[in-house]
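Single-structure report; data block below.
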Amino acid sequence: MVITSLDFDKPGKQQGFLQVPYSHNLGGWANVMIPCTVINGGKGPTALVLGGNHGDEYQGQIAAMNLARELAPDHVRGRIILIPSLNFPAARAATRLSPLDGMNMNRAFPGNPEGPVTSQIAHFLRTTLFPLSDIVIDIHSGGRSMEFVPCAHMHLVPDQDQRRRMFDAMMAWGTDFAFLYADIAGSGLLPVEAENQGKTVITTELGGGECVPASIHRIARSGLRNVLIHTGVLKGRQITRASLGKPPALITQALNRDDYLLAPESGVFEIAFDLGAKVRKGDIVGRIHHLERPDRAPEPVVAASSGYLITMRAPCLTQQGDCVAVIAQRVSEKDVLNA
Ligand SMILES: [Zn+2]
C-alpha cells in the first residue's frame, strides 16, 4: 500500500514522496521513495504530470523536474501534481521495466495494493491520483528500443467530448506531427485507465534513445507548458505553431495492426527511410541482414500501407517479432473528430 505525507488539498507548494514498502536483503523495512511535487494555487482544474512511466525515457523526467522547481503557487490556477520519475527504480537503472519486479508500469493497471512495487504504484494512481485529476499528462519517448518523430499522441476514445478535449490538448503541445495510435502490445496501459475515468489524457513520444538533443528538450519543455496553459491550469500565454510562423501539425494515425511492421526474423536491421519520410505501400522500409551468413540476401521488410514513417527501431540488432517501423496515414481533424 502506497503512503504519502503530502496533503493534496493544502494550498501552496509541497515537495514530498510517494512511499512504497519494499523489503529486500539489505533493507528489511525499506521504502521506495518516489519524488512528488504538489503546487496548489487554489480553485481550478488539477493536472497530473508524469514522466518516467518507462524508466529509460528521460525527456519527460527532465521537463517535469524543471517545471517542478520553476513553478510557484501564484503561477497556477488550480493544482499541478508532478511525478517526474513514476517508475523510480527503473529511472535509476535506465531500464524500461522495473528492476525490482520486472514489471512494465504501462501494463500494470488496474494494479494491486498488495502486489509488487509497480503494481502498487498503478493502484495508487488509479484510486487516488486519477480521481483528483482533470488532466493526465504522461510523457513518453521511444526509450532505448524506438526512435520517434517527436509527437504528441492519443487514442481515439469513443466519447466525443473527451476526444475533442484530448485532440485540442494534443495539438496544443505544438509538435510537427500528431499521432493517433493503437495498442498492439497488451493491455493495462496507464493512459487507458485515465481515459476510462474520463480524463483529458495527453501523451507523447518525444524522440527516443539515450542521446537526447537540445531541440527535443525544448519541445518537451515548451509543449508541457503549452498544454498546461491550454487546459487552464497554468497562467500565461500559449505559444502556438501559428504564432511561430509554422504550418499546422501533420495529423497521422496508425490504427491497423498492418501499420506496425514486425521483424520476420532475427538479424541486423537497416532502415531505408528517414523518420518522417513518406512511404508507399509495397516500398521496402528496411532489410534484415544475417550476421552469420552475410552472403545470404537480406530479408526485406515491406510497407503494408502508405503514409509517414513515424517511428523506427533504434538498436540495429533485432529479434524476430520486434517492431521495426510504424507507418502512419495522414488524416484531417474532421476525420479524427467524426470517426
Ligand atoms: Zn514509454
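With respect to being of a type outside the set (A, V, I, L, M, F, W, C), open to solvent by less than 10 Å² (accessible area, probe 1.4 Å) and farther than 20 Å from I62 by Cβ, S141 falls outside the description.
Going through (1) under 23 Å from G115 (Cβ atoms); (2) open to solvent by 60 Å² or more (accessible area, probe 1.4 Å); (3) of a type outside the set (A, V, I, L, M); (4) assigned to a loop (DSSP other than H, G, I, E, B) one by one, K10 falls short only on (1). The set of residues from the stretch 185-205 being touching a Phe, Trp or Tyr at 6+ places or on another chain (Cβ under 7 Å), part of a loop (DSSP other than H, G, I, E, B) and within 14 Å of the ligand (Cβ to nearest atom) comprises G188, L189. For the stretch 127-179, filtered to residues that are part of a loop (DSSP other than H, G, I, E, B) and of a type in the set (A, V, I, L, M), the residue that is nearest to the ligand (Cβ to nearest atom) is V149.
Considering only residues that are of a type in the set (S, T, Y) and part of a loop (DSSP other than H, G, I, E, B), look in the stretch 82-126 and name the one that is surrounded by the fewest Cβ atoms within 10 Å (Cβ to Cβ). Before the answer, list the steps.
Start the filter on the stretch 82-126 by keeping residues that are of a type in the set (S, T, Y), which leaves 85, 95, 98, 118-119.
If we keep only those that are part of a loop (DSSP other than H, G, I, E, B) too, we end up with 85, 95, 98.
Details: S85: 23, T95: 17, S98: 25.
My answer is T95.
Suppose the filter is among the acidic types (D, E) and within 16 Å of the ligand (Cβ to nearest atom); does E57 pass it? Explain how you work it out, then say what you get.
Numbers: among the acidic types (D, E): yes; within 16 Å of the ligand (Cβ to nearest atom): yes.
When the stated conditions are applied, E57 passes them.
Look at the stretch 171-192: where a residue is more than 16 Å from P248 (Cβ to Cβ) and modelled with pLDDT under 95 and a partner is β-branched (V, I, T) and open to solvent by 40 Å² or more (accessible area, probe 1.4 Å), sitting 6+ places away or on another chain with Cβ atoms under 9 Å, you get D183/V192. Might you let me know whether the stretch 288-295 holds any residue that is open to solvent by less than 50 Å² (accessible area, probe 1.4 Å), closer than 27 Å to G186 by Cα and in contact with a Gly (Cβ under 6 Å, 6 or more places away or on another chain)? Checking the stretch 288-295: at least one residue is open to solvent by less than 50 Å² (accessible area, probe 1.4 Å), closer than 27 Å to G186 by Cα and in contact with a Gly (Cβ under 6 Å, 6 or more places away or on another chain). For the stretch 149-164, the criterion of a residue being small (G, A, S), within 22 Å of M312 (Cβ to Cβ) and surrounded by 24 or more Cβ atoms within 10 Å (Cβ to Cβ) is satisfied by at least one position.
The values are calculated or read from the model by the stated rules, or taken from the named source; none is laboratory data. As the structure is a prediction and not an experimental result, all values here were calculated from the model. No Cβ is skipped: glycine too gets one built from the backbone with ideal geometry, and neighbour counts run over all protein chains shown. In case anyone asks, the SASA skips ligands and DNA or RNA and just uses the protein heavy atoms, side chains included. Shrake-Rupley method; radii C 1.70, N 1.55, O 1.52, S 1.80 Å.
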